[in-house]
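Q: One structure follows; several queries about it will come next.
The values are calculated or read from the model by the stated rules, or taken from the named source; none is laboratory data. Please read these numbers as outputs of a predicted model, since none were measured by experiment. Cβ coordinates were reconstructed from backbone atoms using ideal geometry, including for glycine residues, and neighbour counts include every protein chain displayed. The area values use the complete protein model at the heavy-atom level, side chains included, leaving out ligands, DNA and RNA. Shrake-Rupley method; radii C 1.70, N 1.55, O 1.52, S 1.80 Å.
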Amino acid sequence: MTLDLIELDGTCAGSDAVSGSCACGGSCADGGCADDCADGCGCSEAPEADADDCGPASAALLTPVALKAAPSTGGGKPGKTPRPKRPDFVSTTNACKLCTPLGAMLAFRGVEGAVPFLHGSQGCATYMRRYVISHYREPMDIASSSLGEKQAVYGGGPNLKKGILNVMKKYDPALVGVATTCLTETIGDDVGGYLREFRNEFGDLGLPEIVHVHTPSYNGTHMEGWNAAVRALVDQLAKERVEPHGKVALLPGFVSPADLRHLRDLVTDFGSDVVILPDLSDPLDGPALEDYTPLPEGGTPLADIRALSGAAAVIECGRSLAMTPTGPSGSSGSTGSSGSAGPATAGRVLHERFGLPLHAVGLPIGLRETDALVAALEAVTGKPLPRRHELERGRFVDALVDGHKYVSGKRAVVYGEADLVIGLVSLLTEIGVHTVLAATGTRGAHLAESIAAVTEGMLPAMPTVIEGADFEEIADTAEGLSPDLLVGNSKGYRYARQWNIPLVRAGFPIHDRFGGHRLLHVGYAGAQALMDRIVNAVIEKTQSDSPVGYCYL
Amino acid sequence: MTTATAPNVTATAACRDADLLDERKKQVHRAGQGPIDMACNRESLAGAVSQRACVFCGSRVVLYPIADALHLVHGPIGCAAYTWDIRGALSSGPELHRLSFSTDLQEKDVIFGGEKKLAAALDELIDLHKPKAAFVYSTCIVGLIGDDLGAVCRKMSEKKGIPVIPVQSEGFKGNKREGYLAACKAMFQLVGTAPTDSVSPLSVNILGDFNLAGEIWIVRGYLERMGIQVVANITGDGRVDDIRRCHGAALNLVQCSGSTMDLARMMKEKYGTPHLRVSYLGIEDMADSLYAVAEHFESVDPGIVERTRDLVREELAALMPRLRDIRRDLSGKRAAIYVGGSFKAFSLIKAFRHIGMNVVLVGSQTGTQEEYRELETVCDPGTVIIDDANPLELSHYVRELDVDVFVGGVKERPIAHKLGVGFCDHNHERKIALAGFEGMYNFAREVHASVMSPVWRFVPRRSRRAASPAGADA
Ligand code: SF4
Ligand code: SF4
């Protein structure tokens, strides 16, 4: 079974490299993770369970590159920690994560004709909509079962059913994507059971597909929600074996509409049809309309999801995702975000259920991670990289040379979703920027191993890596590291301003710039775009700091 | 000003209201068509995409601008993350309110209870930030797992020597309105806990202004020019110590229909402080409000009426010529209003009249029967009045009524923009001051900037119209 698993970029090493350290990896050394572990992030609780859970399939997928030396925190000037932070801090200040159902809502939005539906109280849905809308500047409807006090006591089943009926009336959706919230998970609503009842009671109405996923926020972040929803879509819809159609199944991870368009072009240029799941590119970046359509155009067609078994291969992006242990995660099965036992990612579901070859690659950000995706595509299609992209690659390498002096040795702090951070660090390393701190709000993301893999042999010291981080912790740590720039979403702006260094915006959310959802990160073109922005941020800083006012730099 | 009692049923009323969900019909009304009977202020309908927020949201909106208090959200991370620094409530001093604190409950806290974590969080955060008080917000799951917020807060209060106040804002226990009440109850625990020695007999508290883009400073400026002391800003640019002694003020000025009225009522009951309902949006409302304040204090300081008249005259003399040009451009254009509280809608309708525009749609998230009835009397016949609307309904009416500019919050913006309609942000995320006479000019300029932009001629709804021969009639 593991034979047709294609490993990440050929960098696989012994899987025991994690060597008894907790999932937080690097940060343990500087004590940064002690509190996290105590907090139940799972690191101290089940290091070996993790290893067991991985199973043969995942073990082959991982690229646990041996951690080089102990992670260095000594990059910065020591003794500069003005933020009095106690080691046993339990509260979160300025979270570097969002809640689990948000990710699920976004993933469901990437399916054609879908209505994302939040089973819980009204407030959560409204907050999430606003948050999403501010980034994409597009309508984003999220229906809610709007539980009140009564339902919180007696169970939310009736509201869930009524809610779906109302959504059917109003939207005539092809799919309703139901995610739970903290509220409905806490009261223990049996959503699967309610939906079975619903199908029995109203089966004669011509029901839409209903996919559901468990997403309590007290167990995970928006990335777990996203991944769980993608997995649920595949698990619950791709059930039948169909005639092979030879399309490439691409599970891109949480990337921008611009990224998704670029990836579609890339695969298409290889002469292959592609099914991208989920595909937010049109639903969350659509044209101006004359008539408001209740459901936006675009997204992955339902029929394509149902027929995924006929794909030539599946490519799943995300190094951290690839390390998800099998089975319901966390300490309790009932609230595990995957919701059901079995393979932990959508790609693995397709691999194990239908024997599809699975290519697990990183988010294709930067030269090498894009090379890995391209290698996978070459293997699947049997064709070489199309000329257009070959040229893009060549131009990027040329730009690396032209631009390297501006940024060589600059020190970066990178934060956000684990897989995005890994990709960004990989790119930064290629252009000569030293990442001194890589942080994510997620726990159990195996971030240190992946950061080690993408920086191996290219950095003077392994960056400090923090999982389960909030922005205050990132700031505490970063202050001792004298960073020159920040790379990540808008929420780090407060610190960039405080330290008077540039913030290069990437990922989600971008609430303080125009066109954040059109930013390109992936592929050779994305690498180029990111490099341009990073180099220019550094130049701009030099220019505005200079008393001379050069216009020739 | 028109009062809309004209009995004529407009043609537009032969409407497509039919596609509204049956149960929603009672939440839409057309001015001038029979008696208004809005089934408002009830729980949102399951499955409808409501713009409505939760109890927690209401409390958070009201309390958050208190800048030297610690605002700790007890719950899972989302509730805190989505409310981190999203509003432009400015502070002239400390900015503790701009940090987002959460107990970030994890699974084991949900199973075993979150009280210990809450106590530890308060302990460390109070030590680190040295706030003047702490507000602890309850969220949905805290309501379920049964943490005794009151007990933890009492203990921490004793230990730290500052007021630590629970806010009973479990999200599912209603909508924003209940959140306002919870916030007022929380603040009321502070009121009356500090001496009022230095308070002048000519003094007020400003309630229900959140100092978005510095608005409360504009209003304070007017009041100070009238010779009035402002004791407490509640809550924009607010301070704990001011709230503690605000019972010493002679009058409460309450803006906004819902958010702080409860506090004014409590203060009336316990301290006998009278209150005036005011609005700082638009010319008449701003002027009327100042005059009402002057009248209230006339017996104490007879000169105040004259001073106020001078102030208004001065401001208007500066404002009116600037508005004239704007009005020329905007005359006859159509506006839609969808705001949080219906009270604000009154001011907006009048403000639009000043720039020559007609309001064809007005709605709110949290209006009451009474407010809608009142609203109808200031609307033109045929104006659609809607309670707790969803995007489909909003877009339906925006099209039907051919709206030029939409005033609303961040959630309405994409709908307006998708349909090629101008937009003016009038909710809490706005970064431009819209209060006072200056605010009226800013508002006019905002609307003008949007409506007069050339981009509308390129959007489908206009470009197709212009291209098709039949389009000219629209
Ligand atoms: S209750 Fe849970 S789902 Fe709702 S906003 Fe808070 S964290 Fe998110
Ligand atoms: S409804 Fe409850 S859980 Fe959701 S945001 Fe409001 S308080 Fe938080």
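Q: So is A:Gly271 open to solvent by 10 Å² or more (accessible area, probe 1.4 Å) and either under 26 Å from B:Cys79 (Cβ atoms) or not assigned by TED's automatic domain parsing to the domain that holds A:Val178 (or both) or not?
A: Criteria not met by A:Gly271.
Q: I'd like to check something: does region A:284-294 contain any residue that is under 20 Å from A:Ala179 (Cα atoms), open to solvent by less than 20 Å² (accessible area, probe 1.4 Å), under 20 Å from the mean Cα position of the chain (by Cα) and modelled with pLDDT under 95?
A: Within region A:284-294, not a single residue is under 20 Å from A:Ala179 (Cα atoms), open to solvent by less than 20 Å² (accessible area, probe 1.4 Å), under 20 Å from the mean Cα position of the chain (by Cα) and modelled with pLDDT under 95.
Q: Could you count how many residues in region A:316-358 are in contact with an Asp or Glu (Cβ under 7 Å, 6 or more places away or on another chain), of a type outside the set (A, V, I, L, M, F, W, C), modelled with pLDDT of 95 or more and open to solvent by 10 Å² or more (accessible area, probe 1.4 Å)?
A: 2
Q: What single numbered condition from (1) buried (at least 24 other Cβ atoms within 10 Å of the Cβ); (2) farther than 26 Å from B:Glu412 by Cβ; (3) within 15 Å of ligand 2 (Cβ to nearest atom); (4) facing chain B (nearest Cβ under 8 Å) fails to hold for A:Asn159?
A: Going through (1) buried (at least 24 other Cβ atoms within 10 Å of the Cβ); (2) farther than 26 Å from B:Glu412 by Cβ; (3) within 15 Å of ligand 2 (Cβ to nearest atom); (4) facing chain B (nearest Cβ under 8 Å) one by one, A:Asn159 breaks only (2).
Q: May I ask you to list the residues in region B:314-326 that are modelled with pLDDT of 95 or more and either charged (D, E, K, R) or in a loop (DSSP other than H, G, I, E, B) (or both)?
A: The answer is B:Glu314, B:Glu315.
The rows are residues; the columns are (1) small (Gly, Ala, Ser); (2) touching a strand residue (DSSP E or B) at 6+ places or on another chain (Cβ under 7 Å); (3) away from ligand 2 (no atom under 16 Å from the Cβ); (4) within 22 Å of A:Leu98 (Cα to Cα).
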residue: B:Gly47; (1), (2), (3), (4): yes, yes, yes, no
residue: B:Ser59; (1), (2), (3), (4): yes, yes, no, yes
residue: B:Tyr64; (1), (2), (3), (4): no, yes, no, yes
residue: B:Ala80; (1), (2), (3), (4): yes, yes, no, yes
residue: B:Thr83; (1), (2), (3), (4): no, no, no, yes
residue: B:Arg87; (1), (2), (3), (4): no, yes, no, yes
residue: B:Pro94; (1), (2), (3), (4): no, no, yes, no
residue: B:Phe101; (1), (2), (3), (4): no, yes, no, yes
residue: B:Gln106; (1), (2), (3), (4): no, no, no, yes
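Q: With the requirement that a residue be in contact (Cβ under 8 Å) with a residue 24 or more places away in the chain, closer than 18 Å to B:Val240 by Cα and more than 16 Å from ligand 1 (Cβ to nearest atom), what does region B:154-171 give you?
A: Result: B:Met156, B:Lys160, B:Ile162, B:Pro163, B:Val164, B:Ile165, B:Pro166.
Conditions (1) under 23 Å from B:Ser198 (Cα atoms); (2) in contact with a helix residue (DSSP H, G or I) (Cβ under 6 Å, 6 or more places away or on another chain), marked per residue:
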{"residue": "B:Asp241", "(1), (2)": "yes, no"}
{"residue": "B:Cys246", "(1), (2)": "yes, no"}
{"residue": "B:Ala249", "(1), (2)": "yes, no"}
{"residue": "B:Ser259", "(1), (2)": "no, yes"}
{"residue": "B:Gly272", "(1), (2)": "yes, no"}
{"residue": "B:His275", "(1), (2)": "yes, yes"}
{"residue": "B:Ser279", "(1), (2)": "no, yes"}
{"residue": "B:Glu284", "(1), (2)": "no, yes"}
{"residue": "B:Ala287", "(1), (2)": "no, yes"}
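Q: Can you tell me how many residues within region A:480-519 are on the phi < 0 side of the Ramachandran plot and of a type in the set (S, T, N, Q)?
A: 3
Q: Which count do you get for residues in region B:344-365 that are open to solvent by 20 Å² or more (accessible area, probe 1.4 Å) and touching a helix residue (DSSP H, G or I) at 6+ places or on another chain (Cβ under 9 Å)?
A: Here the count works out to 5.
Q: Residues of region A:179-190 being within 11 Å of another protein chain (Cβ to nearest Cβ) and touching a residue at least 60 places away in the same chain (Cβ under 8 Å), which ones?
A: A:Thr181, A:Cys182, A:Leu183, A:Thr184, A:Glu185, A:Gly188, listed by residue number.
Q: I'd like the residue in region B:115-144 that is within 12 Å of ligand 1 (Cβ to nearest atom) and free of Cβ contacts under 8 Å to residues at least 60 places away in the same chain and, out of all such residues, is surrounded by the most Cβ atoms within 10 Å (Cβ to Cβ).
A: Among them, the one singled out is B:Gly143.
Q: Within region B:416-437, does at least one residue satisfy the condition of being small (Gly, Ala, Ser), closer than 22 Å to B:Ser59 by Cα and either out of contact with any strand residue (DSSP E or B) (no Cβ under 8 Å at 6 or more places or on another chain) or within 12 Å of another protein chain (Cβ to nearest Cβ) (or both)?
A: Scanning region B:416-437 turns up no residue that is small (Gly, Ala, Ser), closer than 22 Å to B:Ser59 by Cα and either out of contact with any strand residue (DSSP E or B) (no Cβ under 8 Å at 6 or more places or on another chain) or within 12 Å of another protein chain (Cβ to nearest Cβ) (or both).
Q: I've got another one for you. Among the listed residues A:Pro139, A:Pro173, which satisfies the condition of being open to solvent by less than 30 Å² (accessible area, probe 1.4 Å), of a type outside the set (Phe, Trp, Tyr) and facing another protein chain (nearest Cβ under 7 Å)?
A: Of the residues listed, the single one that is open to solvent by less than 30 Å² (accessible area, probe 1.4 Å), of a type outside the set (Phe, Trp, Tyr) and facing another protein chain (nearest Cβ under 7 Å) is A:Pro139.
Q: Of everything in region B:63-102 that's of a type in the set (A, V, I, L, M, F, W, C), within 15 Å of ligand 1 (Cβ to nearest atom) and touching a residue at least 60 places away in the same chain (Cβ under 8 Å), which residue is surrounded by the fewest Cβ atoms within 10 Å (Cβ to Cβ)?
A: Here the residue is B:Ile86.
Q: Can I ask one more? Being under 31 Å from the mean Cα position of the chain (by Cα) and assigned to a helix (DSSP H, G or I) is the filter here, so list the residues in region B:132-153 that pass it.
A: B:Cys140, B:Ile141, B:Val142, B:Gly143, B:Leu144, B:Leu149, B:Gly150, B:Cys153, listed by residue number.
Q: Further question on the same structure: Please indicate, with yes or no, whether at least one residue in region B:162-175 is under 31 Å from the mean Cα position of the chain (by Cα), over 21 Å from A:Ala95 (Cα atoms), basic (Lys, Arg) and more than 12 Å from chain A (Cβ to nearest Cβ).
A: For region B:162-175, residues under 31 Å from the mean Cα position of the chain (by Cα), over 21 Å from A:Ala95 (Cα atoms), basic (Lys, Arg) and more than 12 Å from chain A (Cβ to nearest Cβ): absent.
Q: Find the helices (runs of 4 or more DSSP H) located wholly in region A:454-553 whose residues include 3 or more that are open to solvent by less than 30 Å² (accessible area, probe 1.4 Å) and closer than 28 Å to A:Ser91 by Cβ, and list them.
A: A:471-479
Q: Right, another one. Among A:Ala95, A:Ala152, which is the only one that is surrounded by 24 or more Cβ atoms within 10 Å (Cβ to Cβ), without any contact (Cβ under 8 Å) to a residue 40 or more places away in the chain, within 14 Å of ligand 2 (Cβ to nearest atom) and facing another protein chain (nearest Cβ under 10 Å)?
A: The match here is A:Ala152.
Q: Moving on to the next point. Mind listing whichever residues of region A:527-548 are among the hydrophobic types (A, V, I, L, M, F, W, C) and in contact with a helix residue (DSSP H, G or I) (Cβ under 7 Å, 6 or more places away or on another chain)?
A: A:Ala527, A:Leu530, A:Met531, A:Ile534, A:Val535, A:Val538, A:Ile539
Q: Taking helices (runs of 4 or more DSSP H) that do not extend beyond region B:42-122, which have at least 3 residues that are more than 8 Å from every other protein chain (Cβ to nearest Cβ)?
A: B:55-63
Q: Same structure again: What do you reckon, is B:Glu306 free of Cβ contacts under 8 Å to residues at least 40 places away in the same chain, open to solvent by 40 Å² or more (accessible area, probe 1.4 Å) and under 17 Å from B:Val219 (Cβ atoms)?
A: no
Q: Another question about this same structure. Can you tell me which of (1) without any contact (Cβ under 8 Å) to a residue 60 or more places away in the chain; (2) part of a helix (DSSP H, G or I); (3) buried (at least 21 other Cβ atoms within 10 Å of the Cβ) is the one B:Val254 doesn't meet?
A: B:Val254 satisfies all of (1) without any contact (Cβ under 8 Å) to a residue 60 or more places away in the chain; (2) part of a helix (DSSP H, G or I); (3) buried (at least 21 other Cβ atoms within 10 Å of the Cβ) except (2).
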